[in-house]
Structures are given as C-alpha cells and as structure tokens.
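Student: First, the structure itself, so that you have it in front of you.
The values are calculated or read from the model by the stated rules, or taken from the named source; none is laboratory data. Just so we're clear, the structure is a prediction, and the values are computed from it rather than from any experiment. Every residue, glycine as well, gets a Cβ built from its backbone with ideal geometry; the counts of neighbours run over all protein chains shown. Heads up: the accessible areas ignore ligands, DNA and RNA and are worked out on the full protein's heavy atoms, side chains in. Shrake-Rupley method; radii C 1.70, N 1.55, O 1.52, S 1.80 Å.
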Amino acid sequence: MKGFAMLSIGQTGWIEKDIPACGPMDAIVKPIALAPCTSDIHTVWAGAIGDRHNMILGHEAVGEVVEVGKEVRDFKPGDRVLVSAITPDWNSIAAQEGYPMHSGGMLSGWKFSNFKDGVFAEYFHVNDADGNLALLPEGMDLAAAAMISDMIPTGFHGVELADVQFGDNVAVIGIGPVGLMSVAAAAIRGAANIYAVGSRKNCSDLALEFGATDVINYREGDIVEQIMEKTKGQGVDKIVIAGGDVDTFDQAIRMLRPGGVIGNVNYLGEGDFVKIPRGDWGCGMGHKTIRGGLMPGGRLRSEKLARLVMTGRIHPEKLITHTFQGLEGVEPALMLMKDKPRDLIKPLVLL
Ligand code: NDP
Ligand code: ZN
C-alpha cells in the first residue's frame, strides 16, 4: 500500500509498505476523510519527539472497517467509523489509573504517527478496536466527523484540565482549530467572559461565533496588559493554552488569579525549559496550578462528542477552510499546515 511518511527529521515523501496485519482485538481501516495536524508539523520539522524513519504520518481520520480480529465484538467490515487520534490500551494499569493516554509509557497512548504508522495511507491499523472506534452517526458531515479525532477532544480536554466552571472568566491563548474548540467547550461549561487570544481574522471571527466575549490580538500589544485591563486588574480564573511557546506560561501565570488553573494542550515543539515567573507565582505559594495533558482518546469520548455535533451544540465543520480530494491530497494539505497562510484554519482531505 501507499502512504505519506516522515522519512527523517525535516523530510517527507510517499512510500510503499505492506498492509498492516490485524491482531485479535484490532481493526484494519481504510480512510474516507483525513486531516493533517499541527502536531505532524512539530514532529517532522521541529523533530520534537526525536527522529523517525519512514513512519507514515497522520492521526486524524474517519474510515471504513475492512477487517476485524476475532475478539472484536462491536465492529464489522463495512462499518463507517470515527477514529480517535489517541488509541490507548484500555486494559492497561495506566488506563485504570485514569491516564489512558499514557498507557505503555508517557504519551504512549498516542500511537499513530508517533510509535507506529499513522493514517495517511490506503489502510491503517487500529489497536483495541472496541475501545478506540465509534460508529459514524447516520447523516454526520464528514468534515465534522474528522474533527472528532483530535481537534474537538483536545480543545475540550484543555477546558477539562483548566477545570472551567460556570461563571469563570477564562482566557484561551491560541485560537487555531484546537483553541477554537476550547472556546466552544468553555462556553458549554458556562464560562462568563471568554478572552480569545490570536491574530488571524477568520479565527477571531469564529471565536466570537463559538462564544468568546472578547478577542485579544497578541501581535498588537502585551496580552497580560490587555487582559488585566479588560478584567480591571483582577486577572482570569482559568486559562487554556492552545498556542504560543515555552514563554507563554510566563504570561499565563501573570494574568491568572490566585487559586486559578492553567490547562495546557499545546505541543511544545522547541525549547528546553518552560518559564514560570517566581514572584507572580506567589513565590511558589500562589495556588496557581499548571496542568498539561495529551487528550485521553477512546470510544466513549468520541461518542459523547458526536452527540454534541448531532444536537447542533458545536459546529466543528466551520473549522474547515481548505478541502482536497483523494489520498494524494494529504501532501498539499500538510504543506498548508506547515506554511500556515493567514486564511487557513484547518484543511480536510476527502477520499
Ligand atoms: P495553530 O497553529 O493553528 O494555532 C495556534 C494558535 O496560537 C493561533 O491562534 C496563533 O495565532 C496562536 N499563537 C501563536 N503564537 C502565539 C503567541 N506567542 N502568543 C499567543 N498566541 C499565539 O495550532 P492548532 O490549533 O492546530 O494546535 C494547537 C496546539 O495543540 C499545537 O501545538 C498542536 O500540536 C497541539 N495539539 C495537542 C494535542 C494534545 O492532545 N495535547 C492534540 C492536537 C494538537 P495566529 O492567529 O497568529 O496564528
Ligand atoms: Zn492532531
């Protein structure tokens, strides 16, 4: 089969591989919709997780099951399925501890395009199929369905990590597709003011549509000053970080109230240390909590998020700004993510 791969750090290309083998609990799936992710960019061009050779890229897919193992109960060939980007081993100790995304070691629930071949191929392998696939609901738009792999669950996980409660004033730093879904999630959780930090116009417009009360442009002035001014010097209760870099934590701590929580889902591609300002962190005693996490993945989460799509509470299809046809489309779609033109939010590939 054909797949689009990371050949080594900074190098990509088409390769040929054998169709993956199906274990007793697994499924083999062929993609019907795919999307590249900013994480693929950190992985290939920043070498953020180290070198990988001839590893097929991609972890966001909707597909059709072509084969299942003999232990798989709930899926059969021909089923159209939502595929979670994170596919934990659900019978692991880490999953029992509540951290399925770290089953097999830190970040090891993230298998596609990290520890094994990803989904940018004619076929891909899904471990623990009953735990990691969900049926594609009848009538669901494929653009929305593809966002259930990663953009919605990651954006929503940022809000879980930040423990957003009703009435909270919340800042969402970074409003690419992930942060935009965090804005939507914060609104669903009943946040009061939602300050969305970005600079692209279409992202800013969509943030307001998804429930942001204010848009803060980080290119037009210090975001701490802008948010302190909007909150009359109080700062915000909760912060989701879905963009920026290792220095963003410095800004976040400075605009966070004592007792506040930061939920980071940004994949820090570069830099050795995260910066935390000692004084604004209350000299270590300010009760300003920083949590960072890979989203949990799995079937239940996909099914619940699918309900939110089907009831019209969220509109992830609005993230899609560019659409390509055919498997070959993953290459230009990925390059678009790399170049990030100002009119891009998220590309989609339909097969
Ligand atoms: P995008 O690059 O599309 O969006 C990043 C956002 O951050 C944009 O709004 C951008 O603004 C903004 N930004 C960039 N620099 C700064 C800065 N210095 N200060 C404030 N805002 C800034 O990324 P995605 O939405 O696709 O992904 C967000 C992150 O989430 C990525 O790092 C991705 O790898 C990660 N991720 C993590 C996952 C997880 O499970 N934890 C899963 C999936 C993704 P502008 O408008 O100027 O572009
Ligand atoms: Zn992703």
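Student: Can you give the three extents of the C-alpha atoms in the range 1-74 along their principal axes, from longest to shortest, in whole Å?
Tutor: 40, 22, 20
Student: Taking a 1.4 Å probe, which of W14, W110 shows the most accessible area, and what order do the others take after it?
Tutor: Order by accessible area, largest first: W14, W110.
Student: What list of whole percents do you get for P(r) of the chain, with Cα-Cα distances grouped in 10 Å bins up to the one holding the largest distance?
Tutor: Calculated P(r), rounded to whole percents: 6, 26, 34, 23, 9, 2, 0.
Student: Any idea what the relative contact order of the range 254-330 is, in percent, if you count C-alpha pairs under 8 Å spaced at least 6 apart?
Tutor: Values: 44 pairs, mean separation 24.2, N = 77.
Relative contact order of the range 254-330: 31 percent.
Student: A further question follows. For the range 156-292, what class follows from the C-alpha gyration tensor (a ≥ b ≥ c being the square roots of its eigenvalues): rounded when a/c is under 1.5, otherwise prolate if a/b is larger than b/c, else oblate?
Tutor: Rounded, because the longest to shortest axis ratio a/c is under 1.5.
Student: Let me ask something else. Can you tell me which aspartates and glutamates have their Cα less than 18 Å from the Cα of K201? Leave out same-chain residues fewer than eight positions away.
Tutor: Excluding near neighbours in sequence, the set is E209, D214, E220, E317, D339, D343.
Student: Give me the net charge of V72's neighbourhood, meaning all other residues with Cβ under 11 Å from the Cβ of V72; Lys, Arg count +1, Asp, Glu -1.
Tutor: Working: positive: K70, R73, K76; negative: D26, E67, E71, D74, D79, D128, D130.
That sum, taken over residues with Cβ under 11 Å, equals -4.
Student: What is the local net charge at H322, summed over the other residues whose Cβ is closer than 15 Å to its Cβ (Lys, Arg +1; Asp, Glu -1)?
Tutor: 0
Student: Another question, then. Who wins for biggest fluctuation among F210, F115, F273 in a Gaussian network model of the chain, springs between alpha carbons below 10 Å?
Tutor: Of F210, F115, F273, the most mobile in the Gaussian network model is F273.
Student: Among G312, G329, G286, which one moves the most in a GNM of the chain with springs linking Cα atoms closer than 10 Å?
Tutor: Most flexible of the set in this elastic network: G312.
Student: Here's a follow-up. Using a Förster radius of 22 Å, what is the FRET efficiency between K2 and S199 based on their Cβ-Cβ separation? Nearest 0.05, please.
Tutor: Working from the Cβ atoms, E equals 0.05.
Student: Under a cut-off of 17 Å between alpha-carbon atoms, report the aspartates and glutamates in cross-link reach of K111, not counting same-chain residues fewer than 8 places apart.
Tutor: Candidates past the 8-residue exclusion: D26, D40, D51, E60, D89, D128, D130, D150.
Student: Output ³J(HN,Hα) for the range 86-97: one whole-Hz value per residue in order, computed from phi by the Karplus curve 6.51 cos²θ - 1.76 cosθ + 1.60 with θ = phi - 60°, and x for Gly and Pro.
Tutor: Karplus values, whole Hz, x for Gly and Pro: 9, 10, x, 8, 6, 9, 8, 5, 4, 5, 5, 7.
Student: Follow-up question, since we're still on this one. Tally up the carbon and sulfur contribution to the accessible surface of the range 156-292 as a whole percent, 1.4 Å probe, everything protein left in place.
Tutor: Taking all protein chains in place, the range 156-292 shows 48 percent carbon and sulfur surface.
Student: Heavy-atom accessible area per residue, the chain, 1.4 Å probe: how many Å²?
Tutor: Working: 14610 Å² over 351 residues.
Computed with neighbouring chains in place, this is 42 Å² per residue.
Student: Collect residues whose amide H, placed 1.01 Å from N in the peptide plane, falls under 5 Å from the amide H of D89; neighbours closer than 5 in sequence don't count.
Tutor: Hits under the 5 Å cutoff: S103.
Student: I would also like to ask the following. Among L34, L268, L308, determine the one that fluctuates most according to a GNM of the chain built with springs between C-alpha atoms less than 10 Å apart.
Tutor: L308
Student: Considering amide H positions built from the backbone, and no H for Pro or chain starts, which residues 5 or more places from D79, or on another chain, come under 5 Å of its amide H?
Tutor: When sequence neighbours closer than 5 places are left aside, the close amide H contacts are V65.
Student: Ok, one more. With n ≥ 4 as the cut-off for DSSP H runs, can you work out [θ] at 222 nm for the chain, using -39500 (n - 2.57) per run divided by the number of residues, rounded to the nearest 500?
Tutor: It lands at -7500 deg cm²/dmol.
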